[in-house]
Amino acid sequence: MKDIFDKELLISNFSNGCKPREEWRIGTEHEKFGFKKKDLKPISFKDIQTIFLKLNSEYQWQKIEENKNIIELRKNNSSITLEPGGQIELSGAPLKNLFETCREVNQHHDELNAVCNEYEIEFMGIGVLPKWGLNELKLIPKERYNIMSKYMPLVGKKGLDMMMRTTTIQANFDFYSEADMVKKLRVAQSIQPLIIALYANSPFIDGKLTKYLSYRSHIWTQTDNDRCGLLPFIHEEGFSFE
């Protein structure tokens, strides 16, 4: 077996992703916060376990466990996962167009709402938790997040806020060659300021109005400068999979 740090092996993870145009797909990741209607408090990990068990029994989502906790559900090339602060995320299947992704997300919401109605739990799609502080949230018991929670404060002031108090919708796109990847990544990064402005919906933090329309993007400027924000190296000559 090759060393995990073998450069050729690492590069192959990207080069093996090249696909002909007719096989291109898009995938979306949709995150949201759950809260209890009676007191507007965040849902607990125990609540999430109940929700996941219901989705498993009523909608045939397959359970994935870590240390006897359900940390993920899988079905039809998609999965329902957990972010560090208890955000529930649909990691969608690779689909042909936006109409299919819209149908997928709507079905996910319908299932989630049907399961949660009896527990008086609802969800909000907003970039940053508008009210709850970090001290009101508990880290999801997942080993990767335990590692992250210790690392993030070493590289930025708001890494824990990013982990625990933000959500987003992410889009994943296929590419047919190294040059196509380079072009798409450069375009995607270049239009990020416009995307942030168009979909800004996080003006609150800790129950107060901030001076930002997107406090979420402000959090990311203080998360980890080595891999966040506008990264100059992708515009350098010779930028490649390597």
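The values are calculated or read from the model by the stated rules, or taken from the named source; none is laboratory data. These numbers were taken from a predicted model, which means no experiment stands behind them. All Cβ positions, even for glycine, are placed from backbone atoms using ideal geometry, and neighbour counts span all protein chains on display.
Looking at the structure I just gave you, is GLY133 within 26 Å of GLY207 (Cα to Cα) and either of a type outside the set (Val, Ile, Thr) or surrounded by 14 or more Cβ atoms within 10 Å (Cβ to Cβ) (or both)? Answer is yes for this residue. Candidates in segment 82-110 are the residues that are in contact (Cβ under 8 Å) with a residue 40 or more places away in the chain and surrounded by fewer than 18 Cβ atoms within 10 Å (Cβ to Cβ); of these, the one that is farthest from ASP39 (Cα to Cα) is LYS96.
Each row is one residue, and each column tells you yes or no for (1) surrounded by fewer than 16 Cβ atoms within 10 Å (Cβ to Cβ); (2) over 29 Å from LEU209 (Cβ atoms); (3) touching a residue at least 24 places away in the same chain (Cβ under 8 Å); (4) not aromatic (Phe, Trp, Tyr).
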site: GLU58; (1), (2), (3), (4): yes, yes, yes, yes
site: ILE80; (1), (2), (3), (4): no, yes, yes, yes
site: GLU120; (1), (2), (3), (4): yes, no, yes, yes
site: PHE123; (1), (2), (3), (4): no, no, yes, no
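The helices (runs of 4 or more DSSP H) found entirely in segment 150-242 that carry 2 or more residues being within 19 Å of GLU83 (Cα to Cα) are 159-165, 215-220. Can you name the residue in segment 1-10 that is outside any helix (DSSP H, G or I) and either among the hydrophobic types (A, V, I, L, M, F, W, C) or surrounded by 14 or more Cβ atoms within 10 Å (Cβ to Cβ) (or both) and is also modelled with the lowest pLDDT among such residues? So the residue we want is MET1. Taking every residue in segment 144-173 that is under 22 Å from THR101 (Cα atoms) and pairing it with any residue that is assigned to a strand (DSSP E or B) and among the charged types (D, E, K, R), at least 6 positions away or on another chain, the pairs with Cβ-Cβ distances below 7 Å are THR167/GLU31; THR167/LYS32; THR168/GLU31; ILE169/GLU29; GLN170/GLU29. Scanning segment 1-50 for residues that are over 30 Å from VAL115 (Cβ atoms) and touching a residue at least 24 places away in the same chain (Cβ under 8 Å) turns up LYS7, ILE11, PHE14, SER15, GLY17, CYS18, LYS19, PRO20, ARG21, GLU23, TRP24.
Please go through segment 11-34 and give me each residue that is assigned to a helix (DSSP H, G or I) and either loosely packed, with under 11 Cβ neighbours inside 10 Å or over 23 Å from the mean Cα position of the chain (by Cα) (or both), ordered by number. Correct list: ILE11, SER12, ASN13, SER15, ARG21, GLU22, GLU23. For GLY127, state whether it is touching a residue at least 60 places away in the same chain (Cβ under 8 Å) and under 17 Å from the mean Cα position of the chain (by Cα). Considered against the rule, which asks whether it is touching a residue at least 60 places away in the same chain (Cβ under 8 Å) and under 17 Å from the mean Cα position of the chain (by Cα), GLY127 comes out as yes.
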